[in-house]
Amino acid sequence: MPFFPCFTLKYDACCVKEIEYFIPPGDVWKDFHKQWLANSKDYLLSVGLREELMEWDVHEDDSLAHYALACTDVTFRFPFGTQELMGIAARGNFDLTAHGEGSGKKLEVNDEETKEKYVPHCIEPSLGVDRLFLALVCSAYAEDEIGGEKRNFLRFHPSIAPVKVAVLPLLKNKEPLVAAARKIFDDLKLRWNVSWDAGGAIGRRYRRADEVGTPFCITVDFDTIEKDGAVTVRDRDTTEQIRMKIEDLIPYLTKEIEGY
């Protein structure tokens, strides 16, 4: 394990994603830069980063690149130390001006609203993708106690959890249960990454799903096939269980996972 963070933080140059967001010249860059800072924070929180582990490092004038108007780094407090996660820089028109000089081509635009011609300035947000994944794992790790037993689990936001749902037939040697559960599994896997677990006590299967961060478990029992046509849906974080008709599963999970 000690090698993985070092490898990630040293070799992630190939895993950096950037946006070149072009804006008009002048002091408008301040508002655009401020808006990108706010949008970046909203995004990082929305996918599950813990705000108390994030910090904002504003570069002072003496630490800015010679062409930069401003730069703020988003840092994250990993278990092995604080590291940069994302940078949002106001780069002026340095990039396009340099490209224009090197190519001999003017990289100007005609602004139809103002009737001005200018070289656009640039706001550049850049994000280390593999660092973000590592930060998500660090943010998601949680411990609590259920029924007097310690539980370790990953509290991934449902939208980014690798496995969204685990489908669990109560018993693996009862064909009607397995068939009903398999039908649900086949329907859900058309939309999301879904796991199948039919081995062992149901409590142990819940724990296995918790450990990999699966937000929801669906248990098919004898009432499902003999009485109400409903299943038990268990929430990973609260461990609360609700009874739900099979036909209501996809609308419910869509809202919980995708937000609508």
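The values are calculated or read from the model by the stated rules, or taken from the named source; none is laboratory data. All of these numbers come straight from a predicted model, not from anything done at the bench. Methodologically, a virtual Cβ is constructed for each residue, glycine included, from the backbone with ideal geometry; neighbour enumeration extends over all protein chains shown. SASA here: full protein model, heavy atoms, side chains in, ligands and nucleic acids out. Shrake-Rupley method; radii C 1.70, N 1.55, O 1.52, S 1.80 Å.
Here's the list of lysines a cross-link from K183 could span, going by alpha-carbon distance under 18 Å and ignoring same-chain residues fewer than 8 apart: K164, K172, K174, K227, K245.
Using the alpha carbons of segment 98-196, what is the convex hull volume per residue in cubic angstrom, as a whole number? Before the final figure, lay out the partial values.
On the way: hull volume 23.7 nm³, N = 99.
Here the figure is 239 Å³ per residue.
With all protein chains kept in place, the per residue accessible area of the chain amounts to 58 square angstrom at a probe of 1.4 angstrom. Using the Cα atoms as the points, what is the convex hull volume per residue of segment 170-228 in Å³? Per-residue hull volume (Cα only) is 84 Å³.
Ranked highest first by average number of other Cβ atoms within 10 Å, how do 139-152, 86-99, 27-40 line up? Kindly include the intermediate steps, with their values, before the conclusion.
On the way: 139-152: 11.9, 86-99: 18.9, 27-40: 14.4.
Per-residue mean Cβ counts within 10 Å order the peptides as 86-99, 27-40, 139-152.
Residues whose amide H comes within less than 5 Å of that of D197, counting only those at least five positions distant or on another chain, are V167 (H built at 1.01 Å from N in the peptide plane).
A P(r) calculated from all alpha carbon pairs of segment 46-165, with 5 Å bins opening at zero, reads 2, 9, 13, 14, 13, 11, 10, 8, 8, 5, 3, 2, 1, 1, 0 percent. Phi angles across segment 233-244 convert, under the Karplus curve 6.51 cos²θ - 1.76 cosθ + 1.60 with θ = phi - 60°, into 3J(HN,Hα) values of 10, 10, 8, 4, 6, 9, 6, 6, 10, 10, 9, 9 Hz, Gly and Pro given as x.
Working from the pairwise distances between different alpha carbons, so that the mean of 1/r is found and then inverted, what is the chain's Kirkwood radius in Å? With all distinct Cα pairs of the chain included, I get 21.9 Å. Shown for segment 17-129: lysine pairs separated by 8 or more places, or found on different chains, whose C-alpha atoms are under 22 Å apart, numbering 8. Which of the three applies to segment 124-260, rounded, prolate or oblate, going by the alpha-carbon gyration tensor with a ≥ b ≥ c and a/c under 1.5 meaning rounded? Since a/c reaches 1.5 and a/b is larger than b/c, the shape of segment 124-260 is classed as prolate. Compute the long axis of helix 202-211 from its Cα atoms, compare it with the longest principal axis of the Cα atoms of the chain, and write down the angle in degrees, 0 to 90, nearest 10. Helix 202-211 sits at roughly 10 degrees to that axis. Helical content of the chain, expressed as a calculated mean residue ellipticity at 222 nm, amounts to -10000 deg cm²/dmol (DSSP H runs of 4 or more residues, -39,500 (n - 2.57) each, divided by residue number, nearest 500). Derived scalar couplings between HN and Hα for segment 74-91 equal 8, 10, 10, 8, 6, x, 9, x, 7, 9, 5, 10, 8, x, 10, 10, 9, 9 Hz in order, rounded to whole Hz, by the Karplus curve 6.51 cos²θ - 1.76 cosθ + 1.60 (θ = phi - 60°), x for Gly and Pro. As a fraction of the 1.4 Å probe accessible area of segment 42-195, surface on carbon and sulfur atoms comes out at 50 percent.
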